[in-house]
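See below for the structure under consideration.
The values are calculated or read from the model by the stated rules, or taken from the named source; none is laboratory data. Keep in mind it's a predicted model, so treat the numbers as computed, not measured. All Cβ positions, glycine included, derive from the backbone under ideal geometry; neighbour counts span all protein chains shown.
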Amino acid sequence: MPEKHLVLLFGPPAVGKMTVGRHVAQRTGLLLFHNHMSIEPVLQLFPFGSPPFNRLVSSFRNHVFDEVLNEDAPGLIFTYVWALDEAGDRTLVDELVARFESRGARTHFVELFATQEERLRRNRTDLRLAEKPSKRDVQASEQRLLENDERFRLNTDGDFFYPERHVRIDNTHRTASDVAEEIVKRLGLPLRETSS
């Protein structure tokens with residue numbers, strides 16, 4: 001069975017994680033599980049951050065992780081807004097890494113960063129609004145983006161927890177396709193098999 005990979009693709013809101021992740025998935029065959037795939041359905045039932053919201057999102061994520069590990073899949077790209085200064089976020093990531101590595105998977109950390117101005121522009125793109133209904137109130141979404149930038153540390157500064165497995169890319173002025181190509185090459189990810 002081929003080696004599995006976990007690519008944790010992290011960075012602040014609207015930096016392009018989902019879009020870059022789609023391009024990496026297309027090239028490699030890794031499954032893309034962007035964070036809002038677990039968030040959006042639960043938001044229709046319970047408010048963000050409430051105990052039932054947190055339990056359901058966590059449960060859904062854990063089931064997806066287990067299924068990827070149990071099935072004949074090459075691995076997973078998981079996108080995440082990681083508050084690097086929050087102990088709970090570090091615990092979640094450490095547990096995810098341990099879960100995949102205990103089953104022989106290779107784990108990689110890809111950090112994207114872009115200027116706030118560019119992220120505010122991306123916050124209004126058609127793909128983002130189509131995939132993430134909770135962002136369609138653009139004014140409220142922009143306010144949360146700005147508040148998160150103030151409140152949390154969402155990018156590193158040469159001080160990442162796992163430096164030997166960390167790739168940091170400024171994608172302010174780059175296409176998602178170009179960034180994905182760099183990720184695939186730098187991580188040595190296997191390419192999707194294509195039939196001739």
Those residues of the range 142-196 that are outside any loop (DSSP other than H, G, I, E, B), among the hydrophobic types (A, V, I, L, M, F, W, C) and out of contact with any Gly (no Cβ under 7 Å at 6 or more places or on another chain) come to a total of 9
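Quick check on the range 85-104. Is at least one of its residues under 21 Å from THR172 (Cα atoms) and in contact (Cβ under 8 Å) with a residue 60 or more places away in the chain? Show your work before the answer.
Just the residues of the range 85-104 that are under 21 Å from THR172 (Cα atoms), to begin with: none.
No, the range 85-104 contains no residue that is under 21 Å from THR172 (Cα atoms) and in contact (Cβ under 8 Å) with a residue 60 or more places away in the chain.
Results for (1) at pLDDT below 95; (2) within 22 Å of MET18 (Cβ to Cβ), shown as yes or no for each residue.
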{"position": "HIS36", "(1), (2)": "yes, yes"}
{"position": "GLN44", "(1), (2)": "yes, yes"}
{"position": "ARG55", "(1), (2)": "no, no"}
{"position": "PHE65", "(1), (2)": "no, yes"}
{"position": "ALA73", "(1), (2)": "yes, yes"}
{"position": "LEU76", "(1), (2)": "no, yes"}
Exactly one of VAL42, VAL93, VAL64, VAL110 is hydrophobic (A, V, I, L, M, F, W, C), over 15 Å from LEU9 (Cα atoms) and crowded, with 19+ Cβ neighbours inside 10 Å, and that residue is VAL42
(request) For the range 188-196, indicate whether the set of residues that are surrounded by 15 or more Cβ atoms within 10 Å (Cβ to Cβ), of a type in the set (Asp, Glu) and touching a residue at least 24 places away in the same chain (Cβ under 8 Å) is non-empty. (result) no
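From the list ASP170, ASP149, which residue is surrounded by fewer than 17 Cβ atoms within 10 Å (Cβ to Cβ) and free of Cβ contacts under 8 Å to residues at least 60 places away in the same chain? Please lay out each step first, then the result.
Numbers: ASP149 fails: free of Cβ contacts under 8 Å to residues at least 60 places away in the same chain.
Result of the check over ASP170, ASP149: ASP170.
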